[in-house]
Amino acid sequence: MRVALFTDLGLAEAFMFGDVDCEDISSLIQILIANRHEIENDSILTSFLSKGRSLTSKRFLGILVNSKANISAHYDLGNTMFSAYLSQDMNYSSAIFENYNEDLDPAAAAKGVAGRCATAKSQYSLANFRRFILKKSKIRSGQRVLEIGTGWGSLAILAAKTFNCTVETVTLSSNQAALARKRIEEANLTDRITVHCMDFREYKSKPEYWHRCSVNIGPHYARTLREWKRLFIANWEGTVAKALVLQYYLDVQGLGIFRRKWICHFVRADVEPENPDCIE
């Protein structure tokens, strides 16, 4: 029923809850995605379920209260968990790699290096992405910048430092907002960066801004997810599981469900983009 309702997402949920046991869940999900249209259109029942799913999504998923709940369920898991696999500045967007197909520091991964992206090369790849985005945005000194989706403040801090601009940044995650404000204070930028913990649709002042840009999924996102997945698995026992037990009192079964859920989240790394070299 999960697969009939949600195809690849349904299979991921079945794997997460232990209904499906598969050593290579990535390949199985890719097969399901490749045959999605055949599955959805195979019968009157699956067609009916697919339409019901679409109507439900349009009716409920975008409303403010559900947006807040969805963001909280993902980003308010605790900063310790995210710090186990993100870069040192907690950048949660796609990197830009000099060599897309080269794995970063596989020896360190095999040793289970604790913490964030361990190599100077991976740090450069993430910093290069932020510089690329800011260059394309053509921000000028003294301008006001609106950032929708604060993350943990890395882009706002770099923008304020680089262009001497002021930044209004909006997030729905209270955990992200708290750490972003702390990092902004440490960078002595509280006079130039303001963090708003609210839905961007509730941001009423609506001043004029120079440019808008979306920072998230790019041509190297699959490679970025591979790096995150490697570090998540390497730091599961030493960092992630311990933090979840302390914060949420998860038992062995709960930890297993959580781990499989996030592995499925990273599995998208195995679905390669058509052209990873299309960055301009």
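Among the residues making up region 128-164, those that are surrounded by fewer than 20 Cβ atoms within 10 Å (Cβ to Cβ) and without any contact (Cβ under 8 Å) to a residue 40 or more places away in the chain are Asn128, Arg131, Leu134, Lys135, Ser141, Gly142, Leu158, Lys161, Thr162, Phe163, Asn164.
Filtering region 223-239 down to residues that are over 16 Å from the mean Cα position of the chain (by Cα) and under 22 Å from Asn175 (Cβ atoms), which residue is surrounded by the most Cβ atoms within 10 Å (Cβ to Cβ)? The residue in question is Asn235.
Filtering region 145-171 to residues that are farther than 19 Å from Tyr92 by Cα and not in a strand (DSSP E or B) leaves Lys161, Thr162, Phe163, Asn164, Cys165.
Might you check whether a residue that is of a type outside the set (A, V, I, L, M, F, W, C) and at pLDDT 85 or above occurs anywhere in region 199-218? There is no residue in region 199-218 that is of a type outside the set (A, V, I, L, M, F, W, C) and at pLDDT 85 or above.
The values are calculated or read from the model by the stated rules, or taken from the named source; none is laboratory data. Values in this document were obtained by computation on a predicted structure and should not be read as measured data. Neighbour counts are summed over all protein chains in view; Cβ atoms, including those assigned to glycine, are modelled from backbone coordinates with ideal geometry.
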